[in-house]
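Worksheet: one structure, shown below.
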């Protein structure tokens, strides 16, 4: 699958350090990394603390706040933090997944096309979990069963997406021979990126 042209290795993100002598370039800024790992931790807390409502609700509200911050940063943040940098067409995401299977999936500095859509899906499912959870606290008396079921479904969908995300990270790491977990911790990746030609099928270049 073709990648977006903004992921050029010769054009570091504005406001981020320039490439260093070790062959790496800064990709994920501090806010992206902090929100990423904080959301991961908070989701685990909420999923495991249903019987401890004070902690459960507090972590849920924190998730909603962080998602809000990440959404804003997706429009005004550094280059690879912006949605326009990594959200391509659905066909591009499908092509990338197929490319993982046959070894043709190209590498990019930011999110690949499949990872971009996974980011959106995770953010939306977290919002759905948080809003339904908040709605439960606003119900007088015993909350409606349908609302409890909806909240539980949203949480389970989020968990399923997390599992898919982890598989995707492992597959992409193996395909491109790089540690994507390490990149999300320290914010740096190798500057060398495949530059596929634009094709009309995916609509990306």
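Quick note: the coordinates plus some simple rules give every number you see, no bench work behind them. Predicted model, so just to flag it, every value in this text is computed and none were measured. For neighbour counting, all protein chains shown are included, and Cβ atoms are generated from backbone atoms with ideal geometry for every residue, glycine included.
Suppose a student asked you for the relative contact order of segment 23-190, using Cα pairs under 8 Å spaced at least 6 residues apart; what percent would you report?
Reported as a whole number, the value is 29 percent.
Quick one: grab the alpha carbon gyration tensor of segment 58-164, order the square roots of its eigenvalues as a ≥ b ≥ c, and give me rounded if a/c is under 1.5, else prolate or oblate depending on whether a/b is larger than b/c.
Cα axes put segment 58-164 in the oblate bin.
In whole percent, what relative contact order does segment 70-138 give with Cα contacts below 8 Å and a gap of six or more residues?
27
By how many nm would the segment from residue 159 to residue 44 lengthen if fully extended, with 0.36 nm per residue of separation less the alpha-carbon distance?
That works out to 40.5 nm of additional length.
What FRET efficiency do you get for residue 147 and residue 185 if R0 is 41 Å and r is their Cβ-Cβ distance, rounded to the nearest 0.05?
Result of the calculation: an efficiency of 0.65.
Less than 13 Å from a label point 7 Å out along the Cα-to-Cβ axis of residue 53: which backbone N atoms in segment 134-162 qualify, by residue?
The answer is 134-144, whose backbone nitrogens lie closer than 13 Å to the label point.
Going by how many other beta carbons lie within 10 Å of each one, how would you line up 33, 84, 70, fewest first?
Fewest-to-most ranking of 33, 84, 70: 84, 33, 70.
For a quick check: sort 142, 152 by the number of other beta carbons within 10 angstrom, fewest at the front.
Exposure proxy ranking, most exposed first: 142, 152.
Take residue 61 and residue 94, extend 7 Å from each Cα along the Cα→Cβ direction, and tell me the distance between the two endpoints in nm.
The answer from the label model is 4.3 nm.
Rank the residues 189, 148 as a footprinting-exposure proxy: fewest other Cβ atoms within 10 Å of their Cβ go first.
Final ranking by Cβ density, sparse to dense: 148, 189.
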